[in-house]
Amino acid sequence: MPDETGLAPAAEETLGAQESALDCAGASVTSLNLGTVGSWGGVLSTSSATWSVAYPANGIILEYYVDGVLRGTQPIQGDANRSGTWTFNDSPLACGSHTFQVKGYPAVFESGTPAPGRCTTGSMTKSTTFSEACPTAAWSCSRISTSTVRCTASGSGGTGGPFTALWSEVEENHETGGVYQTGWYTGPLTHTFFCPQKTSIEFPYNGNLEINLKVRDANGLESPVLTRSFICVF
């Protein structure tokens with residue numbers, strides 16, 4: 001009997017909705033070259049990096065990791081030789097040593113599809129270490145009065161100056177057990193701190209002032225922390 005609803009038969013609907021299966025049989029990443037990996041001013045960059053895949057793959061999907069954390073994914077269609085180049089840039093990076101890792105998965109790019117098919121077998125992983133230059137802090141501190149300690153800081157290395165001083169203070173009162181912390185704050189390179197000196201037997205030392213310093217270079221990278229302690233009357 002004819003279909004009175006005017007709709008196409010279900011079999012024809014199914015046929016029209018069919019999609020081709022993803023063919024990953026034999027697909028693999030045959031080479032994955034890291035090229036040059038480095039950083040400057042808190043920015044990771046790569047250059048001269050290459051890749052190639054084997055049929056039926058005609059492209060690659062790359063995943064980029066810094067210190068084990070995924071920082072980006074990139075699908076790339078290959079040339080006639082099923083190969084190509086890749087680059088990756090990322091920021092910010094803390095100073096010090098880091099590990100960069102790239103994972104490549106063979107991919108199948110087909111015309112008319114919005115995204116490449118990703119093969120889970122035949123992948124390849126490469127990794128390397130790189131280092132971001134750290135600034136270094138230096139300082140000198142001395143008591144300049146019965147109530148004041150003065151510290152003078154400087155910075156070097158990293159990506160250069162001008163350098164900004166970051167200070168923090170921790171006051172501990174040994175009699176009361178009280179602790180006061182300022183947290184980090186920006187201050188001048190030469191900075192003074194309140195730390196009263198013992199003046200008589202009636203005013204013995206009863207506390208400790210911890211002064212912490214780090215410097216920030218022109219690109220925002222920070223040095224390791226320096227610490228000095230002074231005994232005070234609070």
Quiz item: Of all residues in region 26-75 being under 19 Å from the mean Cα position of the chain (by Cα) and outside any strand (DSSP E or B), which is surrounded by the fewest Cβ atoms within 10 Å (Cβ to Cβ)?
Solution: Gly68
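Output the number of residues of region 179-234 satisfying the condition of being polar (S, T, N, Q), surrounded by 15 or more Cβ atoms within 10 Å (Cβ to Cβ) and over 20 Å from Thr136 (Cα atoms).
Here is the first cut: in region 179-234, the ones polar (S, T, N, Q) are 181-182, 186, 190, 192, 197, 199-200, 206, 208, 212, 219, 223, 227, 229.
Cutting the leftovers down to surrounded by 15 or more Cβ atoms within 10 Å (Cβ to Cβ) gives us 197, 206, 208, 212, 219, 223.
So of that shortlist, the ones also over 20 Å from Thr136 (Cα atoms) come out as 197, 206, 208.
Qualifying residue count, region 179-234: 3.
Here is a yes/no grid of residues against (1) modelled with pLDDT of 95 or more; (2) surrounded by 16 or more Cβ atoms within 10 Å (Cβ to Cβ); (3) closer than 30 Å to Gly26 by Cβ:
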{"residue": "Leu93", "(1), (2), (3)": "no, yes, no"}
{"residue": "Gly96", "(1), (2), (3)": "no, no, no"}
{"residue": "Glu110", "(1), (2), (3)": "no, no, yes"}
{"residue": "Thr113", "(1), (2), (3)": "no, no, yes"}
{"residue": "Thr125", "(1), (2), (3)": "yes, no, yes"}
{"residue": "Thr128", "(1), (2), (3)": "yes, no, yes"}
{"residue": "Thr136", "(1), (2), (3)": "yes, yes, no"}
{"residue": "Trp139", "(1), (2), (3)": "yes, yes, no"}
{"residue": "Ile144", "(1), (2), (3)": "yes, no, no"}
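So is Ser168 open to solvent by less than 20 Å² (accessible area, probe 1.4 Å) and of a type in the set (Ser, Thr, Tyr) or not?
On the way: open to solvent by less than 20 Å² (accessible area, probe 1.4 Å): yes; of a type in the set (Ser, Thr, Tyr): yes.
For Ser168, the condition - open to solvent by less than 20 Å² (accessible area, probe 1.4 Å) and of a type in the set (Ser, Thr, Tyr) - is met.
In region 182-234, which residues are assigned to a loop (DSSP other than H, G, I, E, B), under 19 Å from Thr148 (Cα atoms) and over 37 Å from the mean Cα position of the chain (by Cα)? First the steps, then the outcome.
The initial filter retains those residues of region 182-234 that are assigned to a loop (DSSP other than H, G, I, E, B), namely 182-184, 188-189, 195-206, 217-221, 223-225, 233-234.
Restricting the remaining residues to those that are under 19 Å from Thr148 (Cα atoms) gives 182, 188-189, 195-200, 203-206, 233-234.
Passing the criteria: Cys195, Pro196, Gln197, Lys198, Thr199, Ser200, Phe203, Pro204, Tyr205, Asn206, Val233, Phe234.
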Quiz item: Checking Asp79 against (1) over 15 Å from the mean Cα position of the chain (by Cα); (2) part of a strand (DSSP E or B); (3) not small (Gly, Ala, Ser), which single condition isn't satisfied?
Solution: (2)
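Is it the case that some residue within region 98-108 is assigned to a loop (DSSP other than H, G, I, E, B) and touching a residue at least 24 places away in the same chain (Cβ under 8 Å)? First the steps, then the outcome.
Residues of region 98-108 assigned to a loop (DSSP other than H, G, I, E, B): none.
No, that holds for no residue.
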Practice problem: Test Gly155 against the criterion of being crowded, with 17+ Cβ neighbours inside 10 Å and free of Cβ contacts under 8 Å to residues at least 40 places away in the same chain, and give yes or no. | Solution: no
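Yes or no: Thr176 in a loop (DSSP other than H, G, I, E, B), open to solvent by less than 60 Å² (accessible area, probe 1.4 Å) and either within 30 Å of Trp40 (Cβ to Cβ) or among the hydroxyl-bearing types (Ser, Thr, Tyr) (or both)?
Values: in a loop (DSSP other than H, G, I, E, B): yes; open to solvent by less than 60 Å² (accessible area, probe 1.4 Å): no; either within 30 Å of Trp40 (Cβ to Cβ) or among the hydroxyl-bearing types (Ser, Thr, Tyr) (or both): yes.
In short, no.
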Quiz item: Which residue pairs have Cβ atoms closer than 8 Å, lie 6 or more positions apart in sequence or on different chains, and pair a first residue in region 200-215 that is within 12 Å of Phe230 (Cα to Cα) with a second residue that is of a type in the set (Ser, Thr, Tyr) and open to solvent by 60 Å² or more (accessible area, probe 1.4 Å)?
Solution: Asn208/Ser229; Leu209/Ser229; Glu210/Thr227; Glu210/Ser229; Ile211/Thr227; Ile211/Ser229; Asn212/Thr227
Practice problem: State all residues of region 146-173 that are under 19 Å from Thr227 (Cβ atoms) and not in a strand (DSSP E or B); if no residue qualifies, say none. | Solution: Phe163
Quiz prompt | Verdict on Ser229 being closer than 15 Å to Gly157 by Cβ and touching a residue at least 12 places away in the same chain (Cβ under 8 Å) | solution = no
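The values are calculated or read from the model by the stated rules, or taken from the named source; none is laboratory data. Fair warning: this is a prediction, and the values are worked out from it, not measured in the lab. No Cβ is skipped: glycine too gets one built from the backbone with ideal geometry, and neighbour counts run over all protein chains shown. Accessible surface areas use protein heavy atoms only, side chains included; no ligands, DNA or RNA. Shrake-Rupley method; radii C 1.70, N 1.55, O 1.52, S 1.80 Å.
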